[in-house]
Every structure is written in structure tokens, then in C-alpha cells.
């Protein structure tokens, strides 16, 4: 038969510390008393009593000497009363419980309504409530939390042995009960770690023996979790409660123990199990008869209820008690080789030596070394520190200053419960037995490794800009890197502060780990991306395409449009069918437009673009809109020796030949018209294909004069009109007709 001891079985740090302080007090020449049983284990309590340390229920029973405060802690009033009685106080309150007490007091002082999640009758919870001036509210589960009213501010504290599942459920309910909810997860996860290890072992064995006090809720829950795996499970306090029939036909037997079970009791149980098996093998007929109903004492997988007396021999086996809230399912975590070795079979004979038991228990814990990098799970987060389960005897502590090199006011800004983190071991154990860890140093080591590889492979890294400094920016890439201003973008960046808080892709261009020098470049990546984009654009460009682009630059002769890493020229003559004096009259920098590709010269790297080609050509309907013989109004836009060009609408202009300017001989065009003049012209001809129009000012004026003469003949009674007045009237009439 193999006997396998579960990892993390037995005393937790808080209990072990309390026992140690009590034993030290017992060596003094002074009577000492514990205020209540120091732990839920009668054997330990009896042993301490033999050493002169008695358990009492109240301070009134103590007249002289000293009092030992057990790991559950007490209210401040109890401590004050002990001092007023002039008793020497040995405070063995578990550090995790002490932290919960302090947080409860601080929240109360700040005006928060404190809610404690836990068993209201438990000494630990009673003590925590005392630190709030008895103003805290205790809820045991989410159902009780639902009954609470609304409070402007609520601070939540957990009993250290609470399950994560129950605590989270209560917190979810309380979120609806306050607009300002502060949550402090004060659960000690040494219990959960013990439960997970026990459940995993129970799945591998034929029988589980759970050792611990009958009054210990911690141990009862441990037994129930083992039974829920389907493996027969028995809860005992002492070795003499073992029943031989339980071990019959069992090849592998697992043993675990609650947090209040000392190693020597575990040793006695294992030794007794070995003796029973040896007696069975030597002389089967000498085995004590087994009570007919002994098997009924095995804890069924899903059975609950109180244990009934089943005969003197079976009183040893306690059925696992039901609890109101279901236990959180044990999680199966992957084990490395060291952890698997922790569950190896230990020869039963070796348990007769307590030193061997201590050695085996020590092997179940991870031995930490200074400077080691290890992974752990965050189990508690407060403002100024983080507790991490790293598989050791106690949770490791990450002080706030060792959490990150970036300035933060609370650890909750960086990590959360359940998150896996890698840490650097600063100190394997402090005076309270906790490893001191650093996430900041671990992050820095890993960051340098990643950066060295990225530098070697010329791979990109991502970092957040955290500060503007002289000459550039500081970037968080796991360590602080410098991004020079000239390497922030392809062009000049006027406002560097705009990048603070942004996450950027960067390239490592200079690295010296010994000097902690790291220079980064964003420009290098942008240049590569631009070149890639430019090549893709060139490969896809074809004449006749209509493409989107962005106006990058305006000049007197046109606009340069970015088509995707490649600029094309949109000449001023291609902006509109009408006359455009300057591109700024039509476009503005940064504007997105559609253009037509008119020409592509890959060898010269030139692209010609057009905008007017995407608009209707007014010449296509010019003959229809300007029939021959019609008189229209136009504007002189250009003067030449042979005549004047007159624009009749944007995009359409015609030539008034010098011979068509007046009835008389005209030596110079400017003798009759000037640029900008608005004049009537008669359409003499329209050539849509050649986009030409012949116009006449002389005939337009003649037509107007003829109309005026006709009008004058119709009105003979009007006399005394001068020639000047007549010409003026003719011109006015011509304008009115237009």
C-alpha cells in the first residue's frame, strides 16, 4: 500500500506563527492564557495546557500573568481591556487577519459603510467588526447582500478563509448598492492552495484520510472537497480513530490535513496506517472484527448532513458536514516536475521519525533563491502591496515600489486578483516568513531579453510614450527607451507632446544593456512602410484610372496629389474646364479628391493627373446652347494682336477677330476692348470638335442699332434726339436684351 501525503498539508503560516509565540511565552516564568482555543485542534490545546498555557473564554478569568491573542485576532476593546488589567499581551493575530482589521478601521474612518463577507459567529469576523466600532455589516452570501439598502460608500472586506466564488458573488451584488464601492480581497489563499492540492491527490488514490479538528470549518471543507471527487473520504482527529476496514484492498491512500493540524499528528496517522497494514499482512486472523456498518462512515461524493453515532469503533470517522454555500471547484493547475515529485510515495516506516516528516513537508514547498525568476498567481491586491502565490510556504509580497517603475498610487492600477505574473526574488523570506518579490525587476530582465532579440532580428516592438523630454520622447517598452525627435516621424514634428499616451510601433536602433542605453526609431518603420506603399502604388497605376488622393502641396502651376506614397501633378490647366488663376481657388492642402490618371512615366517617376475630366465638358453641348446668330454677353479674358478672346461661360471662350471689333478699321485690339470688359457678342460659328467659337462685337452692336432704328421709325413723334443719345440707347437696349 502506498501512502501519499498531499502538498501543503498541515499548519499554515499564521497558525504556525501563533503556536511558536505561545511556546515561547510558555518558557517564561509567568502564567499565560489563550483567549479561546489557540487553534481548532484539541490535541494542540491539550499539549499547551500541559506546558502551563490554559485556554479561557474571557479576560475576567485571568487575574495575573499574560494573555495570548490567537490567530483569529480580537477587537481593539479586548486589547485595551487586557492592558487595563495589567496583563502582558502576546498578539499572535495572523498577519493576513491583521491586515483585514486595519483596512476595516481605515474604511470606517473615511466614512465608508464596511461590509464583511464571512461567518458572523466566527471569532475572526467578530474581531474585524470590532475594528469598525461595531458598525460593520456582516453578510454570509449574495442572498444576504441583496437585502442590504443603498449606501453612498461601501468598503468590502473578506474573512480570510472565504471562498473566492462566494466573495465575488457578494461583490457583484454590492455594485448595485453603492455608487462608490471599494473592494479589498483579504482572502488568504493558503487554504485554497491546500484544497486544490488535496482534490488533485484525491483523484489519484483509492482512499483519502483528512486529519484535523472536528470543530475546524477549514478541515471540514477540505474533507468535503475530497469527497466530491468520488473518492471515499474520512475525517479524523487522531490516529487511534483509524479503522482497519477502510484500508482493505486499497493500493494507494492519500493523506491531507487542515491548517490547524500539527505535523506530529500527521506523523502518528501515517505511522498507524502503516502498522495496520503490516498487522493485516502478518496475521489476517488477528485483525479486529469490523463493524457491519463501518463502510457507511465513508463520505459519499455528493452526500451531506450531520454524522450520527455508529458504534464506538466508528465514532472516529466523521462525515463531512454540509455548508450553506457550495465550495469553489478545485482547479487543476499544471504541475512541473518538482510539484509532481511532491506527491511521491513515502515509505510508511519513515514516518516514525518526525524529522523525516518535516523533511517531506519541506519538499512540498518550492525553495526560493535570491535572484530567481519565478511565476505566481496574484491572490490579493491592496493599495501598497500585492500578495502572490508562488508555491512556497507563504505568499510572496510585492511592495508597491517593486511593482512597476512607472508612477502609480495604488497596486490596483497594475494587477488584479487571479492574474499570473513573473517576479524576481529579492529576499526568500522576511521576518514574518514571506518572500519579498519584484515584478518591476522581472519585467526589466525579460524586457531586455526581448529587446536584444528584436535588435538582432530587426523586429518591431510596441511601446507607450510616457513623457516628453528635451530632444525627444521617453517610451515604455518594458524598460525606458529614448525616441529622438528627429526619428518620431518622416518629417518635422512641431508638437511632440501630442504623442504622450500613444502606443507606437518602434525599431531598436541602438542598445547597450550594461549602460542601460536604448534608442528607438519610429521613422525607420514609417520609411519602410512608405516605400512598400509607394511600390504597390506604382505597380497598380494605369492611364485612365480614377483614383482617390490627398492634396499635399499647392504651387502656381498646379497641385501635387498623394495617390498612396506617390505624388502626381495636377496641372492648373487640368483643374477645370474654365479658367483658373491659381490652384488655391479650387483646392486646399489636405483635401481628399478624385482624379483621373492622364499619363504615367515610370522611368522619369512622373504622373499627370486631371480633375476637369471627371466633370461634364461644356463644349459637348455648345452648338445647341449657342446657336449661330444669337447674341450673348461675354467677358474679355485675353487680348492678342489678331483679336480678343471672350469667355461666354466657364470653359467656353471664342475669338472676336480684330476685323469684327468695329465698323471702322481697328489698328490695335486694345483700342476697342480691354481685359475684363463685359461686351455683347454675336455667335458667328461653333466647332465642337475643335472647341472653337467665332464671335463678333461689330455685328452684335449692329444688330442692336438696327433694332433701335426700327423702334425709332415706329415712334416718329419723338424728335430732337442727338446722335450720342441714340448710340447710348442702342447700347443700353442691347444690354437689356442680353
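The values are calculated or read from the model by the stated rules, or taken from the named source; none is laboratory data. Bear in mind that the values here come from a model prediction, so they are computed numbers and not experimental data. Cβ coordinates were reconstructed from backbone atoms using ideal geometry, including for glycine residues, and neighbour counts include every protein chain displayed.
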Original post:
Does residue 354 count as surrounded by fewer than 20 Cβ atoms within 10 Å (Cβ to Cβ), under 19 Å from residue 7 (Cα atoms), in contact with a helix residue (DSSP H, G or I) (Cβ under 6 Å, 6 or more places away or on another chain) and modelled with pLDDT under 90?
Top reply: yes
Original post:
Just one of the numbered conditions (1) over 18 Å from the mean Cα position of the chain (by Cα); (2) surrounded by 15 or more Cβ atoms within 10 Å (Cβ to Cβ); (3) outside the structural domain of residue 483 (by TED's automatic domain parsing) is not true of residue 449; which one?
Top reply: (2)
Subject >> Residues located in region 633-667, provided they are without any contact (Cβ under 8 Å) to a residue 12 or more places away in the chain and in a loop (DSSP other than H, G, I, E, B) >> reply: 664, 665, 666, 667
**OP:** Within region 547-583, track down each residue that is in contact (Cβ under 8 Å) with a residue 60 or more places away in the chain and touching a helix residue (DSSP H, G or I) at 6+ places or on another chain (Cβ under 7 Å).
**Re:** 576, 577
Original post:
Looking at residue 563, is it under 30 Å from residue 675 (Cβ atoms) and either modelled with pLDDT of 90 or more or not assigned by TED's automatic domain parsing to the domain that holds residue 649 (or both)?
Top reply: no
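Can you confirm whether residue 280 is without any contact (Cβ under 8 Å) to a residue 40 or more places away in the chain, surrounded by fewer than 21 Cβ atoms within 10 Å (Cβ to Cβ) and over 24 Å from residue 162 (Cβ atoms)?
Yes: the conditions hold for residue 280.
Residue under question is residue 730, and the condition is that it be crowded, with 19+ Cβ neighbours inside 10 Å, under 23 Å from residue 629 (Cβ atoms) and at pLDDT below 85; does it hold?
Yes, satisfied.
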**OP:** Kindly indicate the residue of region 180-214 that is assigned to a loop (DSSP other than H, G, I, E, B) and at pLDDT below 85 and also farthest from residue 388 (Cα to Cα) among those meeting that condition.
**Re:** 214
Subject >> Which listed residue is surrounded by 18 or more Cβ atoms within 10 Å (Cβ to Cβ), in contact with a helix residue (DSSP H, G or I) (Cβ under 6 Å, 6 or more places away or on another chain) and part of a strand (DSSP E or B), from 425, 386, 379 >> reply: 386
Original post:
Only one of (1) surrounded by 14 or more Cβ atoms within 10 Å (Cβ to Cβ); (2) closer than 30 Å to residue 564 by Cβ; (3) touching a residue at least 60 places away in the same chain (Cβ under 8 Å); (4) in contact with a strand residue (DSSP E or B) (Cβ under 7 Å, 6 or more places away or on another chain) is not met by residue 593, so which one is it?
Top reply: (3)
Subject >> Selection count, region 144-163, where residues are crowded, with 17+ Cβ neighbours inside 10 Å, out of contact with any strand residue (DSSP E or B) (no Cβ under 8 Å at 6 or more places or on another chain) and over 17 Å from residue 103 (Cβ atoms) >> reply: 1
